[in-house]
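Here's the structure, in structure tokens; my notes come after.
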Amino acid sequence: MRNLIINKLKYKIITVDDSEYGADIPFHPGLNIIYGPNSVGKTSIVTGIIYGLGAEKGLGIFKTIQNPFKPEFYKEIDKKIIHKSYLILEISNGDKIISIFRYIKGGDINICAVKECSTEDFFKTNDVQKLIISGEGVFSENGFQNYLFKFLNIDQVELPTYDQKFSKLYFENILPLFFVEQRAGWSQIQSRQVTRYNIKDIKKVVFEYIMGLDRFNLHLIELQKKEVELLIKKNKEELERKEENLLIIANAENVDDVPIISSQDRGKCSIYDFVNYLEEKYKVESSLINEFTSKNREFDESNSRIRDDLKRNDYQIRKINEKIEKISTEILGYENYLERIKKNKYKNKQLKKIQEISLGLDIKICPVCETDLGDSEEDNCHLCHTDKNKKFSTPEQNLLFLEDEEKTFKKVITQRILDRKKIIEQRNQIKDKIILFEKQLDHQTETYAGKEFAKLREKILQIDSIYKEKEKYKRLSERWNELKPLRLIREKLKIDNEKLKNKIESYTQTENDISILKSIQTNFRKNVRELGLFKSNLKLISDIKIDASDNYMPYLDNYDIYNISSSSDNIRIILSYYLSLLQTSIDKKNNSKIKFPNLLILDEPKQQNLDNASLLSCINQIKKISLNDAQVILTTYSEIATDRDLLKEYINYEMKTSKDYLLKKIN
């Protein structure tokens, strides 16, 4: 079974003085009309159904603090503060009955309680199941949506999102195909569709899913293809950026994923051949140098020792410089502290002067601690003398302490300056050694090698240049090879994309899809004709199409279907469309692929400029539908008594006057 039948809605409101208010609204299969003037609570009944199903996002409510109900349900009723309020919604799937308890105020609104029983028996047994109805975990083992999908025999599916992830298809995504909300709901088909889950092409994909189209699977393939194409684009951008950087450094061009180098020695060749060439060249040149230098081992050994000495002395110089810098920083800190001591000494000398002249002046309040100088000295300071409670130091005491500190820091600074001079002298001695070693090295070079060694040094520089060039291109080639995984991903994505493309291009609309869409289109045309749309222009009506071109909404090739009609005509289009979905689902009740719940909830279409005659025509169309296993809930009202007489057979709940409110006092 795939039915969703609303059996009963029960409200309970309890105020702080224990007054109770409530309402019991019964429903049955078939047409249910909620009848009454404006602002008496018709929409509150619909709100309760949607809230009980945990789908308040379909009402435009996305935050917990945004209560979907009117204040008399959660704030104040009859000028009494509400302490607690809740509802119980009884529903059926045609086989099993359950009741859903959910707080409006006074309890955790993110949790609901579910029992397999009627609303009357809800508090008689303890076998309640608590489920997460909103927030994180609604599809978990203890999640209400997980429970509801199983109850309605609807499979859970994951769909690609615009941010390259996947999202579950939520109940509030299915809701806009069988519920039209009072305000924004009548602006267009699926106007209250929830897009916050970022699911791609949500209106199209939810239609295909609920109406059982085989094209739903193709749509998933199309979404996968878009996903793959996006990944290909990202991969290409990343790969090109990295390759371009390496090609610029190597002064090369990319030919079939291989960097091609242009050099004077080799002409155009791959970076790998160029690295091999440089390695061979380096080996040959190095061997000639080694042959020459082997004849001067004594010279080399001496040079090596001198170079080692130079390295050691150079290292010592660096360490000494660090010490000098550290001592200089330390001395600067001490000098800064001495400046603060001098400032404090100046302040305390000023205080001392004030103290000395305070007896001759009429000073009543101490400028330091703000105590009364007229009181006894035992209890209060006499111009900043320490008393028993505050224990402030006197200016004399402060001056003694500061002068002692000043002497100490001056001694420390003098000592550290002396230490620095010693280290600087040590550094100068090492510098002299370095100069001596460098002269000795130059002397040996001229003595042992002369011009030959000068030429050798020039040759060594050339070999060093070859070595650096070899290492540079070797690193670049290695970095180029590191991009291979990205190229493999690119090739795999291209293959995947081609496969998906072939699947899409080879797709032909199935007989199942043709049959379902034809039924929806036929029923829609029949409905708009009965509702007097386009003044019953049969040619225009027969041209109306419903297919994947516009999210399976009705359209005309040559006209904008909504702009060639009045505002009331737009309501007729929407009514006709939703009726056609229900009609098709009932006509094809044996088609197990269709998941439409055989329920329509239409809230106040008359408030959207729909005239009485059109509403009655719509109800006549509903009467023709076999509603034994289906349900239509319609809220409406007419000031004309004869209109009520035409509808009274289907009125299952009525509020008769503008003061006959939904919530009534129980005790």
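Tabulated values for the structure
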quantity	calculated
Scan of segment 525-580 for residues that are β-branched (Val, Ile, Thr), closer than 22 Å to Phe179 by Cβ and over 41 Å from the mean Cα position of the chain (by Cα), ordered by number	Val528
Condition check for Thr657: among the polar types (S, T, N, Q) and either open to solvent by 20 Å² or more (accessible area, probe 1.4 Å) or in contact with an Asp or Glu (Cβ under 7 Å, 6 or more places away or on another chain) (or both)	yes
Any hit, segment 631-638, residues being under 24 Å from Leu53 (Cβ atoms), touching a helix residue (DSSP H, G or I) at 6+ places or on another chain (Cβ under 9 Å), at pLDDT 90 or above and surrounded by fewer than 19 Cβ atoms within 10 Å (Cβ to Cβ)	no
Conditions (1) modelled with pLDDT of 90 or more; (2) under 20 Å from Gly185 (Cβ atoms); (3) β-branched (Val, Ile, Thr): number failed by Ile586	(2)
Filter result (open to solvent by less than 60 Å² (accessible area, probe 1.4 Å), closer than 24 Å to Lys12 by Cβ and touching a strand residue (DSSP E or B) at 6+ places or on another chain (Cβ under 8 Å)) within segment 122-150	Phe122, Leu131, Ile132, Ile133, Phe144, Tyr147
Residues of segment 451-481 satisfying the condition of being surrounded by fewer than 13 Cβ atoms within 10 Å (Cβ to Cβ) and at pLDDT below 90	Lys451, Glu452, Ala454, Lys455, Arg457, Glu458, Leu461, Gln462, Asp464, Ser465, Lys468
Hey, Lys165 open to solvent by 50 Å² or more (accessible area, probe 1.4 Å) and in contact with a strand residue (DSSP E or B) (Cβ under 6 Å, 6 or more places away or on another chain) or not	no
Residue in segment 604-619 that is modelled with the highest pLDDT, counting only those that are more than 19 Å from Gly185 (Cβ to Cβ) and of a type in the set (S, T, N, Q)	Ser617
Those residues of segment 23-56 which are in a strand (DSSP E or B) and at negative phi, in sequence order	Ala23, Asp24, Ile25, Pro26, Leu31, Asn32, Ile33, Ile34, Tyr35
Residue match in segment 88-108 (condition: out of contact with any strand residue (DSSP E or B) (no Cβ under 6 Å at 6 or more places or on another chain), among the acidic types (Asp, Glu) and within 16 Å of Ile5 (Cα to Cα))	yes
Residues being free of Cβ contacts under 8 Å to residues at least 40 places away in the same chain and within 18 Å of Leu488 (Cβ to Cβ) - total across segment 223-244	5
Qualifying position, being at pLDDT 90 or above, under 20 Å from Ile25 (Cα atoms) and either surrounded by fewer than 22 Cβ atoms within 10 Å (Cβ to Cβ) or touching a helix residue (DSSP H, G or I) at 6+ places or on another chain (Cβ under 8 Å) (or both), among Ile622, Ile601	Ile601
Matching residues, segment 57-85, being free of Cβ contacts under 8 Å to residues at least 60 places away in the same chain and either on the phi < 0 side of the Ramachandran plot or not charged (D, E, K, R) (or both)	Ile61, Lys63, Ile65, Gln66, Asn67, Pro68, Phe69, Lys70, Pro71, Tyr74, Lys75, Glu76
Tally of residues being open to solvent by 10 Å² or more (accessible area, probe 1.4 Å), in contact (Cβ under 8 Å) with a residue 24 or more places away in the chain and assigned to a helix (DSSP H, G or I) across segment 510-521	5
Options Val114, Val180: the member that is of a type in the set (A, V, I, L, M) and over 23 Å from Leu600 (Cβ atoms)	Val114
Lys42 open to solvent by less than 30 Å² (accessible area, probe 1.4 Å) and among the charged types (D, E, K, R)	yes
Residue satisfying all of: in segment 48-85; among the aromatic types (Phe, Trp, Tyr) and within 30 Å of the chain's Cα centre (by Cα); farthest from Ser118 (Cα to Cα) among these	Phe62
One residue from Lys105, Lys70, Lys96 being closer than 17 Å to Thr635 by Cβ, among the charged types (D, E, K, R) and open to solvent by 60 Å² or more (accessible area, probe 1.4 Å)	Lys70
Any hit, segment 24-33, residues being more than 26 Å from Thr657 (Cα to Cα), open to solvent by 20 Å² or more (accessible area, probe 1.4 Å) and in contact (Cβ under 8 Å) with a residue 24 or more places away in the chain	yes
Lone unmet requirement of (1) open to solvent by less than 40 Å² (accessible area, probe 1.4 Å); (2) touching a strand residue (DSSP E or B) at 6+ places or on another chain (Cβ under 6 Å); (3) farther than 26 Å from Asn563 by Cβ for Asn198	(1)
Residue among Ile88, Ile104, Ile111 that alone is under 36 Å from the mean Cα position of the chain (by Cα) and without any contact (Cβ under 8 Å) to a residue 24 or more places away in the chain	Ile111
Test: Val206 is in a helix (DSSP H, G or I), modelled with pLDDT of 85 or more, β-branched (Val, Ile, Thr) and open to solvent by less than 20 Å² (accessible area, probe 1.4 Å)	yes
Every residue from segment 534-560 that is at pLDDT below 85 and open to solvent by less than 60 Å² (accessible area, probe 1.4 Å)	Phe534, Ser536
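The values are calculated or read from the model by the stated rules, or taken from the named source; none is laboratory data. Keep in mind that this is a model prediction, so the values were computed, not measured. We place every Cβ from the backbone using ideal geometry, glycine too, and count neighbours over all the protein chains shown. These accessible areas exclude ligands, DNA and RNA; they are computed on the full protein's heavy atoms, side chains included. Shrake-Rupley method; radii C 1.70, N 1.55, O 1.52, S 1.80 Å.
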